[in-house]
Amino acid sequence: MSIRISPIMRGRREFLRKTSFGAAAFLAGRHFSFVGTSTTADSRIEVLLDEPLGVISPNIYGHFAENLGGVIYDGIWVGENSSVPQVDGIRKELIDHMRKVKASVVRFPGGCFADSYDWRDGVGPVDKRPRRTNFWEGVEPKDGAANHRYDPNQFGTNEFVHFCRLIGSQPYLAANLRSLPAQEFDRWVEYCNSPAGSTTLADLRASTGYPEPFGVRYWGVGNESWGCGGNFTAPEYAVEFRRFAAAVPRYGMELSLVASGPNDDNWDWTRGFLEEILRKGPGQMRSIYGLALHYYAWNLSRGRTHDWNEGKGDAVKFDAVDWYELLRQGEVMESLIEGHWQVMGEFDREHRIKLVVDEWGPWYRPGSEATAGDILEQTPTLRCAVFSGMTLDIFNRHPGKVGMANCAQLINCLNSLYLAHGDNFCVTPVGHVFEMYATHQGAQSVRTIFSSSEIHYDRDGKPATFSGLSGSASLNNKDLTLTVVNPHISEAREAEIVIRSANIRATVAAVLTNSDVHAHNSFAHPDAVVPATKNLALQAKNARFAFPPASVTSLVLSLE
Ligand code: AHR
């Protein structure tokens, strides 16, 4: 028997409906019914359980928190004397939600900030720490928060590691290569990882409450070294990387060093860097765990300009073409992974070095800040949720290539999972997607074939197409997680889900959508976009599911 789990929404072409008809209503009551196969599915999803692609690293579900705008101060750190509910100065609501998304790894303190940061400013007694001019000071509004412009260093290494422990994450620290010598990198590692009582820096760590080593494994060696991180050419940076990586103290543990990698499709950077690394012999490659790729979807100009400021679009106000334009930019991620992987293979035939996509997300022009004055803050809508689901599915489909990925950024910045200001807090649609996708972490990715006709639309007078349903599947024991994005702005797609050599016993379905594609959560309306979930007990060989327009769906299918 086949099942149908929701109504077919074919014909729902209205782009902007004023009424609020959310996912909860969509899945509720009579819409959640099982029917036979009398209707014809327009799409097919075939999960090939016997074609494993590799284990999905939990680190693909990583985060990024830079000392920038409202990310650290106000976002993560509210201070120990704050009336905002907090744990040792860290916002409690954030901790609670990050536990739900099973946050695997957090990158800190940048970003561009990292190459201006002296780690020593953020250790030792809190009341003795210096105030410093933040890297982003020049962009900050003059009447904005002082602690965004002038860093009080209240949140330093101890506080960051404590935050990571509270949420069950691994810390990923980005070292300063532009403005500090290699010795300071060694010393930061010594501060974090040297055994209790062994060094003066271990004693300093102990004197502020942390006698045991932090055991930080992931270290970035510079950030965007082609730009804010030193303006190097690829070979110049490779020389610097070799110098920084040459003799980092290990303290008996494995360190995973991440090299500053390409921006977008800059194949020359990947090639130039690895070529120069190899010039000293093949053994040099062993010092690199990952190559960082940064990719932001920012140019919504439909090919009119490549200007960084002019090309950006609005986060909340957009039309149907803008919707697809952002998703088109998003799907480029797959070709960037494949392209850089191919170049890396020219130098690293065994593919030991992984891609670390440690900054990704949409980047819009200013104007949608939840808190006035928070630079680079924007309001994620349902469009960002669909973009994020699509991106995470791309990572899931390439588990052997992508060792880590970090959404930019965690809170109050770009593709935030959360927005916060003082007492106010909300989960964005992007945050909900991370929770819906959490069961992929550590599971075996399996090849899945999506057959779904292309979307046709008018791109400023010219016919354009975009792919239909897409997604990924992974198996954890008998539980299959299938995540699917329907990018069609106004039409549902009904798909037959075929799982070879297994029966479906039960399903947990979570659907994130809204009749208004601009829908977003705010402090006043924190639940405007929330997933609707439903548990279904069934006995079936195949399933049939109608994926609503503009939606992200997670189905966790128990197999037998
Ligand atoms: O995420 C914001 C900035 O974008 C980071 O600081 C930098 O690495 C990138 O250019």
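The values are calculated or read from the model by the stated rules, or taken from the named source; none is laboratory data. Everything quoted here is computed from the prediction, not taken from an experiment. With ideal geometry, Cβ positions are generated from the backbone for all residues, glycine too; neighbour counts draw on all protein chains shown. To get the accessible areas, we keep the full protein, side chains included, count just its heavy atoms, and leave off ligands, DNA and RNA. Shrake-Rupley method; radii C 1.70, N 1.55, O 1.52, S 1.80 Å.
Restricting attention to the alpha-carbon atoms of segment 89-248, what are Rg (one decimal) and Dmax (integer), both in Å?
Rg then Dmax for segment 89-248, in Å: 16.2, 46.
Testing the spin-label approximation: label points 7 Å from Cα along Cα→Cβ at residue 342 and residue 319. State their distance in nm.
Distance between the two pseudo-spin positions: 3.6 nm.
Listed highest first by mean packing, meaning other Cβ atoms within 10 Å per residue, what order do 209-218, 406-415 come in? If you can, show how the numbers build up before the last one.
Values: 209-218: 16.7, 406-415: 26.6.
Result, highest mean first: 406-415, 209-218.
Just to check I understand the Karplus step: with θ = phi - 60° and J = 6.51 cos²θ - 1.76 cosθ + 1.60, what whole-Hz values come out for segment 450-463, glycine and proline as x?
Karplus-based 3J(HN,Hα) across segment 450-463 equals 9, 10, 8, 5, 5, 8, 10, 8, 9, 9, 6, x, 10, x Hz.
At 0.36 nm per residue, and after removing the present C-alpha to C-alpha distance, how many nm does the segment from residue 44 to residue 522 gain when stretched out fully? Don't jump to the answer; show the numbers that get you there.
Working: separation 478, 0.36 × 478 = 172.08 nm, distance 3.61 nm.
Fully extending the segment from residue 44 to residue 522 adds 168.5 nm.
Which log10 I(q)/I(0) values, to two decimals, does segment 427-560 give at q = 0.21 Å⁻¹ under the Debye formula with one point per Cα?
Values returned for q = 0.21 Å⁻¹ are -1.30.
Dividing the alpha-carbon radius of gyration of segment 169-265 by 2.2 N^0.38 Å (N being the number of residues), what value is obtained? Let's see the in-between values first.
Details: Rg = 14.4 Å, N = 97, 2.2 N^0.38 = 12.5 Å.
Against the compact-globule rule of thumb, the ratio is 1.15.
As a check on your grasp of the helix formula, calculate [θ] at 222 nm for the chain: sum -39500 (n - 2.57) over DSSP H runs of n ≥ 4, divide by the residue count, round to the nearest 500. Mind dumping the intermediate values first?
Numbers: 11 runs with 125 residues, N = 560.
Helices in the chain give a 222 nm mean residue ellipticity of -7000 deg cm²/dmol.
Got a sec to turn the phi values of segment 106-116 into Karplus ³J(HN,Hα) couplings, 6.51 cos²θ - 1.76 cosθ + 1.60 with θ = phi - 60°, whole Hz, x for Gly and Pro?
So the Karplus estimates, Gly and Pro as x, are 10, 8, 7, x, x, x, 4, 4, 4, 7, 10 Hz.
As an exercise, identify the GluC sites (Glu not before Pro) in segment 255-359 lying in DSSP coil whose Cβ has no more than 10 other Cβ atoms within 10 Å. Mind showing how you got there, number by number?
Values: sites: 275, 276, 310, 325, 331, 334, 338, 346, 350, 359; in loops: 310, 350.
Within segment 255-359, the qualifying GluC sites (Glu not before Pro) (loop, at most 10 other Cβ atoms within 10 Å) are 350.
With the convex hull built on the Cα atoms of the chain, state its orientation-averaged projected area in nm².
On the way: hull surface 101.7 nm².
In nm², the orientation-averaged hull projection of the chain is 25.4.
Given R₀ = 22 Å, FRET efficiency for residue 365-residue 460 by Cβ-Cβ distance, to 0.05?
Numbers: r = 19 Å, r/R0 = 0.88.
The value I calculate is 0.70.
Please give the net charge around residue 217, taking every other residue with its beta carbon less than 12 angstrom from that of residue 217, where Lys and Arg add +1 and Asp and Glu add -1. Don't jump to the answer; show the numbers that get you there.
On the way: positive: 250; negative: 254.
Neighbourhood net charge equals 0.
Convert each backbone phi in segment 326-336 into a coupling constant with the Karplus relation 6.51 cos²θ - 1.76 cosθ + 1.60 (shift: θ = phi - 60°), then list the ³J(HN,Hα) values in order as whole Hz, x for Gly and Pro.
5, 5, 4, 5, x, 5, 4, 3, 5, 6, 5
For the chain, which cysteines have no second Cys with its Cβ under 4.7 Å from theirs?
Taking the Cβ cut-off of 4.7 Å, the unpaired cysteines of the chain are 164, 192, 384, 407, 413, 426.
Evaluate Rg over Rh across segment 255-321, taking Cα atoms for both radii and Kirkwood's formula for Rh.
On the way: Rg = 17.6 Å, Rh = 14.7 Å.
Across segment 255-321, the Cα-based Rg/Rh ratio is 1.20.
How much length would be gained if the chain were fully extended between residue 479 and residue 307, taking 0.36 nm per residue of separation minus their Cα-Cα distance, in nm to one decimal?
Details: separation 172, 0.36 × 172 = 61.92 nm, distance 4.62 nm.
Extra length available between residue 479 and residue 307 comes to 57.3 nm.
List the GluC sites (Glu not before Pro) within segment 156-257 that DSSP assigns to loop and that have no more than 13 neighbouring Cβ atoms inside 10 Å. Write out the running numbers ahead of the final one.
Values: sites: 159, 184, 190, 224, 236, 240, 254; in loops: 224, 254.
For GluC sites (Glu not before Pro) across segment 156-257 that sit outside H, G, I, E and B with at most 13 neighbouring Cβ atoms in 10 Å, the list reads 254.
Can you give the alpha-carbon Rg of segment 384-501 over 2.2 N^0.38 Å, where N counts its residues? If you can, show how the numbers build up before the last one.
Working: Rg = 16.5 Å, N = 118, 2.2 N^0.38 = 13.5 Å.
The value comes to 1.22.
Taking a point 7 angstrom from the Cα of residue 83 along the C-beta vector, which residues in segment 419-433 have backbone N less than 12 Å away?
Label zone hits: 423.
Taking amide H positions as placed in the peptide plane 1.01 Å from N, state which residues far from residue 106 in sequence (5 or more) or on other chains have amide H under 5 Å from it.
63, 170, 172
Shape verdict for segment 240-390, please, from the Cα gyration tensor: rounded (a/c under 1.5), prolate (a/b greater than b/c) or oblate.
Working: a/c = 2.68, a/b = 2.00, b/c = 1.34.
Prolate, since a/c reaches 1.5 and a/b exceeds b/c.
Quick one: grab the alpha carbon gyration tensor of segment 131-181, order the square roots of its eigenvalues as a ≥ b ≥ c, and give me rounded if a/c is under 1.5, else prolate or oblate depending on whether a/b is larger than b/c.
Since a/c reaches 1.5 but b/c is at least a/b, the shape of segment 131-181 is classed as oblate.
Carbon and sulfur together cover what percent of the accessible area of the chain at a 1.4 Å probe radius?
Numbers: 10150 of 20650 Å².
Carbon and sulfur together cover 49 percent of it.
In a Debye calculation with equal point scatterers on the alpha-carbon sites of segment 312-463 and no solvent, what is log10 I(q)/I(0) at q = 0.09, 0.15, 0.19, 0.20 Å⁻¹?
Summing over Cα pairs of segment 312-463 leads to -0.34, -0.90, -1.23, -1.30.
Can you send over the solvent-accessible area of residue 402, 1.4 Å probe, protein chains only, in Å² to the nearest 10?
It works out to around 0 Å².
Could you check the spin-label model distance between residue 505 and residue 51? Points 7 Å from the Cα along Cα→Cβ, value in nm.
2.7
In Å and from the alpha-carbon atoms only, list the Rg and Dmax of segment 51-119.
15.1, 54
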